[in-house]
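Q: Mind looking over this structure? Questions follow.
The values are calculated or read from the model by the stated rules, or taken from the named source; none is laboratory data. Here the structure is a predicted model, which is why all the values come from computation and not from measurement. With ideal geometry, Cβ positions are generated from the backbone for all residues, glycine too; neighbour counts draw on all protein chains shown.
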């Protein structure tokens, strides 16, 4: 009799394990695509529904609310930057929580470079200290790098390589990238009323630009 009573329990455990496995697959997929914050939102909604229907599941709500509070207060958060496109993601204790994609036109322009030398990885960016925000600074740098793609793709590659090296070596916490002369306000700026970021005319005669290109053994087209 004891063996017979254990069979339904074993069958339930197997069934529960399969359900958990099948449920975890889409949860992991959603987390990878949209970030853990989106998963927390779904878990909170499911916890509320479960709590209303059964009167249980308060622990799910507690975990979800703690996760949301950590995101809102930026406790344990860090920013990672993609070295080839400048895309960003906010991580909670090292786990991607949500994404801050760069402008589509910037990403599209940088992806056309297709250089094997440019690393394609996520690198942690330094935290904001007072008004110094490395993440925002890097977003602007990559946007200016993309402006060089239409002007001279080879120069754009050099700039992105320098930005990637700057991120990997300093986490954007100190100093400036070597390519700073190429993305300075007097070389790359906004075009009149359109707001587009472009390489300004006359950059070839800029002494700092000439020195940078000479150091890189590159000659402007």
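Q: Out of the range 153-170, which residues are under 24 Å from residue 201 (Cα atoms) and surrounded by fewer than 20 Cβ atoms within 10 Å (Cβ to Cβ)?
A: 153, 154
Q: Of all residues in the range 90-123 being touching a strand residue (DSSP E or B) at 6+ places or on another chain (Cβ under 6 Å) and more than 26 Å from residue 197 (Cα to Cα), which is modelled with the highest pLDDT?
A: 91
Q: State whether one or more residues within the range 174-195 are out of contact with any helix residue (DSSP H, G or I) (no Cβ under 6 Å at 6 or more places or on another chain), in a helix (DSSP H, G or I) and closer than 30 Å to residue 78 by Cα.
A: Taking every residue of the range 174-195 in turn, at least one turns out to be out of contact with any helix residue (DSSP H, G or I) (no Cβ under 6 Å at 6 or more places or on another chain), in a helix (DSSP H, G or I) and closer than 30 Å to residue 78 by Cα.
Q: May I ask you to say which residue of 143, 156, 135, 147 is in contact with a strand residue (DSSP E or B) (Cβ under 7 Å, 6 or more places away or on another chain), over 29 Å from residue 95 (Cβ atoms) and not in a strand (DSSP E or B)?
A: Unique residue meeting the criteria: 147.
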